[in-house]
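*Asks:* One structure follows; several queries about it will come next.
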Amino acid sequence: MKRLTLIFISFFLACESPFSTQPTEDDIFSVTHNYNGEKIYHPTPITLEWSNITIKKFKEFLVERSAAYGDSVAWEVRAHILDSLQMIYIDTIDDDITFQYRIRMVDQDDQFIHALSSPLKVPDVSSLKVPEQYENLQKAFDSHFIDDGDTINVFPGLYLGHFEFLDKNAIIRAVMIPEITLLGAAPGRGSVVTINNGELDGFTVTEGVALAGGGVSAGGTAIIRNCIIRNNRAVNHENPYMQKYPYGMGGGVYLKDEAILIRCRIAHNHSQQSGGGILTDGNNSVINCTIDNNNTITWDSGPGLYQQNGQLIIRNTKFKRSYTNGTGGAIMINAVAEIYNCLFEKNKSGRGGGLIIGESGNANIINCVFYKNWTYSTNYSGAIINLGEISIINTIVWNNDGDKDYKLYSKYAEYTTSDEFNSVFGLGNLKLNPLFVNSNEGDYHLLSDSPCINAGNPDGAYNDTDGSRNDMGIYGGPYGDDW
C-alpha cells in the first residue's frame with residue numbers, strides 16, 4: 001500500500017482539566033495526519049504525529065477517533081500509549097466516511113490536555129470491482145466501503161464459496177453474461193448464495209448441495225435477477241432423527257419472506273423431497289422465468305416448484321420438462337397462488353403432469369397454456385389435479401396425455417373460458433384445436449383463424465394490451481406482452 005504524503009495540520013488546545021504542572025516548552029499541543037483526501041478502496045494506513053512536550057507524572061497518550069455517520073458522531077478509543085517519548089501512531093481508515101482524531105495527554109491524576117486533527121473526509125465509494133480491486137467477492141461485500149445502494153461489479157470468472165450477502169441493500173452484479181460469470185460451491189455442504197437484502201444480478205449459480213436451497217437461499221426482500229441456477233441439490237439430513245422441514249427441499253432455490261425471482265433460468269436441479277427447482281414459503285414472486293428439467297428423487301411433489309406457505313405470484317413463466325414419480329409434474333400449490341400467463345409444457349409425473357392444487361391450496365390460473373403434460377396414472381389428469389380450490393380463466397389445456405386425456409380431476413373448481421375441458425360443460429369453454437403457430441417448436445402464439453382469439457372473458461379487466469377482448473393463452477390479457 002503506497003504511503004500517502006500530504007500533511008494536514010491543525011492546532012487546538014483544550015484544558016478541560018488543567019495540568020498542575022506546565023509543559024517544559026510551549027503551550028502548543030497539536031496533532032497531524034498524512035491522509036491526502038484521495039479515494040481509497042481498501043483499509044489504508046494513516047500516520048498520526050503529535051507535539052513533543054514533557055510533563056511530570058505522565059500517565060499515557062490516549063488516541064481516540066470519531067466517525068461521522070450522517071448527523072451522528074461516535075468516538076472510540078484506538079490506543080493507550082504508555083511511552084512518553086512516543087509521538088507517532090499508525091491507524092487504519094476502513095470506511096468512506098469522515099473521521100477525526102483526538103490525542104489526549106493524561107497525567108497520573110487523570111488531568112489532561114487534548115489536540116484534534118483536521119477532519120479526514122474519505123470520498124464516497126459507490127462501487128467496487130472484482131477481481132480488480134478485491135479478488136475475494138465475500139470480502140468485497142463485507143468491506144465497510146460497500147453500503148446500502150452500492151454496487152459490486154463482478155467480471156467474468158469462476159468464484160467459489162458459500163457466499164453470504166446479508167443485511168446490506170447492495171447490488172452484486174455480473175458485468176457480462178451469466179454463462180461466463182459463475183458462483184460455484186466451495187467444498188462442504190451449504191447454499192452457494194445466502195441473501196436477505198439487495199440484488200444478485202446476472203450470475204450462473206451451480207454445484208451447491210444444501211439441506212434447502214442448494215443454489216440460492218433467499219429471504220428478506222432479496223431480488224434474484226437474470227441468473228442461471230443449475231445443477232444444485234437439496235439433500236436430507238444424514239441423521240434421520242434430525243430430518244425436518246425444509247430439509248431435502250428446494251434443490252435450486254429456496255424463497256422465503258418476500259424474496260423475488262425475475263428473468264431467471266432454473267434448470268437441472270434435484271431434491272430428495274419436494275421442489276427440485278424451487279421451494280417457496282413466503283409472499284414470493286416468480287416473474288419471467290424458465291423452470292426447466294428439474295426433478296425430485298423420491299415420490300414427492302412439485303419438481304419444478306413447490307409452494308408450502310404464503311402467497312405466491314407466478315407470471316410470464318415457463319415450466320418445462322420437469323419430472324417426479326409423485327404428484328404435480330411442474331408445480332404443487334399448498335397455499336394461495338395467482339398464476340398469470342404461464343406455460344406448462346411436457347412435464348411428467350405419477351399424477352397430474354402439469355399442476356396439483358393441494359387440499360389447503362387456492363389457485364387462480366389466468367391466461368395459461370397446458371400442453372403435452374403427461375401422467376402414467378390411470379385415474380388422474382395429465383394436466384391438472386385439484387384437491388383444493390381453483391379458478392381457471394382464459395386458459396388453454398390441450399393435447400395432454402394420461403388416462404383422462406384433456407380432463408381435470410377436480411374438487412372445488414370453477415372453469416371459465418378455458419379451452420378443451422372434456423369433462424366440463426359451461427359458458428365460455430371451448431372444445432376446439434387452439435391452432436398454435438408452431439407448438440412443436442415452442443411457439444404458442446395463435447394463428448389468425450384460432451378460435452381462441454377474442455374468446456376470453458369479456459370483462460374489460462382481462463382485455464389485451466391493445467384494448468381488445470382477451471385472447472386465450474399466454475399472449476393474451478394485461479400481461480400478454482410481458483415476455
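All of the numbers you see were taken from the coordinates with simple rules; none came from a lab. Here the structure is a predicted model, which means the values were calculated and not measured. All Cβ positions, even for glycine, are placed from backbone atoms using ideal geometry, and neighbour counts span all protein chains on display.
*Asks:* Can you tell me, using C-alpha contacts under 8 Å and at least 6 residues apart, the relative contact order of the chain as a whole percent?
*Replies:* Computed over the chain, the figure is 6 percent.
*Asks:* Going by how many other Cβ atoms sit within 10 Å of their own, how do L116, L447 line up, fewest first?
*Replies:* Taking fewest neighbouring Cβ atoms as first place, the list is L447, L116.
*Asks:* What order, most packed first, do the peptides 64-76, 183-195 have when packing is the mean number of other Cβ atoms within 10 Å of each residue?
*Replies:* Order by mean packing, descending: 183-195, 64-76.
*Asks:* Find which of S66, I28, G302 sits farthest along the positive direction of the dipole of the chain, computed with +1 on the beta-carbon of Lys and Arg, -1 on that of Asp and Glu, about the Cα centre.
*Replies:* Result: G302, furthest along the dipole toward the positive end.
*Asks:* Further question on the same structure: How large is the charge dipole for region 47-115, taken about the Cα centre, if only the Cβ atoms of Lys, Arg (+1) and Asp, Glu (-1) carry charge, to the nearest 20 debye?
*Replies:* Charge dipole, region 47-115, about its Cα centre: 360 debye, nearest 20.
*Asks:* Okay, next question. With both bridge residues required to lie in the chain, what share of the DSSP beta bridges run antiparallel, to the nearest 5%?
*Replies:* Taking every DSSP beta bridge with both residues in the chain, the antiparallel ones total about 30 percent.
*Asks:* Toward the positive end of the charge dipole of the chain, about the Cα centre and with charges on Cβ (Lys, Arg +1; Asp, Glu -1), which of I40, T375, M176 goes farthest?
*Replies:* Farthest along the dipole direction, towards plus: T375.
*Asks:* Next question, about the same structure. Taking H placed 1.01 Å from N in the peptide plane, check which residues at least 5 places from S30 or on another chain put their amide H under 5 Å from its amide H.
*Replies:* Residues meeting the amide H criterion: S51.
*Asks:* For region 185-285, what does the relative contact order come out to in percent, with C-alpha contacts under 8 Å and a separation of six or more?
*Replies:* 26
*Asks:* Among T47, T92, which comes first, second and so on when ranked by fewest other beta-carbon atoms within 10 Å?
*Replies:* With the sparsest Cβ surroundings first, the list reads T92, T47.
*Asks:* Go ahead and run the numbers for FRET between D482 and S127, Cβ-Cβ distance against an R0 of 22 Å, rounding to 0.05.
*Replies:* Approximately 0.15, to the nearest 0.05.
*Asks:* Could you tell me what % of all Cα pairs in region 75-205 have separations over 19 Å?
*Replies:* Roughly 60 percent, once rounded to a whole number.
*Asks:* Charges on Cβ only, +1 for Lys and Arg, -1 for Asp and Glu, centred on the Cα centroid of the chain; of S217, L432, I278, which one is farthest towards the dipole's positive end?
*Replies:* L432
*Asks:* Just to be sure I understand the model, the point goes 7 Å from the Cα along the line to the Cβ. What's the resulting N309 to I28 distance in nm?
*Replies:* Here the answer is 6.8 nm between the modelled labels.
*Asks:* Something else now. If I take R0 = 22 Å and measure r between the Cβ atoms of S448 and N364 in this structure, what FRET efficiency does the formula 1/(1 + (r/R0)^6) give, to the nearest 0.05?
*Replies:* Calculated transfer efficiency: 0.15.
*Asks:* Would you mind working out the magnitude of the charge dipole of the chain relative to its Cα centre, with +1 at each Lys and Arg C-beta and -1 at each Asp and Glu C-beta, to the nearest 20 Debye?
*Replies:* 1460
*Asks:* Can you give the FRET efficiency for N433 and H144, using 1/(1 + (r/R0)^6), R0 = 51 Å, r = Cβ-Cβ distance, to the nearest 0.05?
*Replies:* That gives a FRET efficiency of 0.20.
*Asks:* Hey, any idea what the orientation-averaged projected area of the convex hull of region 76-147's Cα atoms comes to, in nm²? Intermediate values should be presented prior to the final figure.
*Replies:* On the way: hull surface 26.7 nm².
If you wrap the Cα atoms of region 76-147 in a convex hull and average its projections, you get 6.7 nm².
*Asks:* Still on this model: Hey, could you pull the Cα Rg and Dmax for the chain, both in Å?
*Replies:* Just the Cα atoms of the chain yield Rg and Dmax of 31.5, 105 Å.
*Asks:* Which entries of K256/K372; K129/K256; K244/K348; K168/K256 show an alpha-carbon separation above 23 angstrom in the structure shown?
*Replies:* K256/K372; K129/K256; K244/K348
*Asks:* Could I ask something else about it? May I ask for the net charge around A79, where only other residues with Cβ less than 15 Å from the Cβ of A79 are counted and Lys, Arg are +1 while Asp, Glu are -1?
*Replies:* That works out to -1.
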